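The values are calculated or read from the model by the stated rules, or taken from the named source; none is laboratory data. These numbers were taken from a predicted model, which means no experiment stands behind them. Cβ: placed from backbone, ideal geometry, glycine included. Neighbour counts: every protein chain shown. Ligands, DNA and RNA are stripped out before the accessible areas are found, and what is left, the full protein with its side chains, is counted by its heavy atoms. Shrake-Rupley method; radii C 1.70, N 1.55, O 1.52, S 1.80 Å.
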Amino acid sequence: MSKLRVCVVEYLNTAPLVRGFTHGPLEGEYELSFTVPSQCAEALRTRAADIAILPAIEYQRIEGLAALPDLAIASKRRARSLLVIAKRPIGEARRIALDASSRSTQTLVKILCAEHWRIKPEFVEVPPDTARMLAGADAALVIGDLALRLAIGIEGKARKGASGEQACSGAYAGIPNVETLHVYDVVEEWQRITNLPSVLAIWAGWPEKLNANVTADFLASAEYGILQLAELCSESSRKTGMPAAALETYLRENIDYGLDGVNRSGLELYYQRAAELGLIGKVRPMKWAPTEVQAAPAATHR
């Protein structure tokens, strides 16, 4: 049988989930492709992929999917790789540039604008470039490794702003024409108003392609990756120039790969708030992939 096609987000925080497929005992068992979150969703929607690391909001927009249990990209308190940066306090923002590669965090920002910051800005989707984004807007959503690089760059140089955000010279973030940059961690802002974590992405696929053996493989790949964090971060440091220790701290302290009860509660509330704002339709209950491995035939997904 042909290999299952798996679409993967090419960010550091996804790397541990697929480490078993890229460097471990399951290497070669699946056909992997790498892209940005919005394109992972599109690949699954068009059936160019059988399974994808899916922006959580897209589960509600693509009918008929099933999610793999116990796996996610989530954050309990502060993500550091999901940021709104602003030239003035966010309450004064009238136009927000949204990273076009984002889906879940775009929705989260719109929820925060309506329910937390109490603003009604114009939203525009643009490619991820912090200086260009802020040249045409009051604030910008940046995600992934670009946001993480910014967060690492301003560590120890920012002060606490009036609303609890970080504030520093834009020069520390590579935006020298911004005198004071206000940096808001999107997950931290969500946690402030809900006291719940944020689930940004889940593994999901077409049910006919999923079985308990597939679920077991994805769990095993993640377990392998979590044991390989130090090596993985050293590799990433050599490629990106970001300090390996900072990358490892990020993966260990800011990212949560489980889908426990509190994470599910955060996900359910996120869907509810998105539906109330008309960002998705009526919330559909989650459908889960099988977890009980059949004794025979073995490896039926291969």
| query | Taking the range 238-264 as the search range and keeping residues that are in contact with a Ser or Thr (Cβ under 9 Å, 6 or more places away or on another chain) and either among the polar types (S, T, N, Q) or under 19 Å from Ala74 (Cβ atoms) (or both), which one is surrounded by the most Cβ atoms within 10 Å (Cβ to Cβ)? | reply | Leu247
| request: Name the single residue, out of those in the range 205-246 being of a type outside the set (Gly, Ala, Ser) and not in a helix (DSSP H, G or I), that is farthest from Leu54 (Cα to Cα). | output: Pro243
| query | In the range 195-227, which residue that is over 17 Å from the mean Cα position of the chain (by Cα) and of a type in the set (Phe, Trp, Tyr) is farthest from Ala289 (Cα to Cα)? | reply | Tyr224
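Is it true that Arg47 is modelled with pLDDT under 95, open to solvent by 20 Å² or more (accessible area, probe 1.4 Å), among the basic types (Lys, Arg) and in a loop (DSSP other than H, G, I, E, B)? Step through it out loud before you land on a result.
On the way: modelled with pLDDT under 95: no; open to solvent by 20 Å² or more (accessible area, probe 1.4 Å): yes; among the basic types (Lys, Arg): yes; in a loop (DSSP other than H, G, I, E, B): yes.
For Arg47, the condition - modelled with pLDDT under 95, open to solvent by 20 Å² or more (accessible area, probe 1.4 Å), among the basic types (Lys, Arg) and in a loop (DSSP other than H, G, I, E, B) - is not met.
Can you confirm whether Ala15 is over 30 Å from Glu115 (Cβ atoms), part of a loop (DSSP other than H, G, I, E, B) and at pLDDT 95 or above? Spell out the reasoning first.
Working: over 30 Å from Glu115 (Cβ atoms): yes; part of a loop (DSSP other than H, G, I, E, B): no; at pLDDT 95 or above: yes.
The answer is no for Ala15.
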| From the options Ala86, Ala93, Ala72, Ala97, residue that is open to solvent by less than 10 Å² (accessible area, probe 1.4 Å) and within 28 Å of Ala289 (Cα to Cα) | Ala72
| remark: Restricted to the range 154-176 and to residues being of a type in the set (Ser, Thr, Tyr) and assigned to a loop (DSSP other than H, G, I, E, B), the residue least open to solvent (accessible area, probe 1.4 Å) is Ser169
| remark: Residue hits (the range 100-128; over 16 Å from Thr194 (Cα atoms) and open to solvent by 60 Å² or more (accessible area, probe 1.4 Å)) are Arg103, Lys120, Glu122, Phe123, Glu125, Pro127, Pro128
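Residue under question is Val36, and the condition is that it be of a type in the set (A, V, I, L, M, F, W, C), open to solvent by 10 Å² or more (accessible area, probe 1.4 Å) and in contact with a strand residue (DSSP E or B) (Cβ under 9 Å, 6 or more places away or on another chain); does it hold? Explain how you work it out, then say what you get.
Values: of a type in the set (A, V, I, L, M, F, W, C): yes; open to solvent by 10 Å² or more (accessible area, probe 1.4 Å): yes; in contact with a strand residue (DSSP E or B) (Cβ under 9 Å, 6 or more places away or on another chain): yes.
Against the criterion (of a type in the set (A, V, I, L, M, F, W, C), open to solvent by 10 Å² or more (accessible area, probe 1.4 Å) and in contact with a strand residue (DSSP E or B) (Cβ under 9 Å, 6 or more places away or on another chain)), Val36 qualifies.
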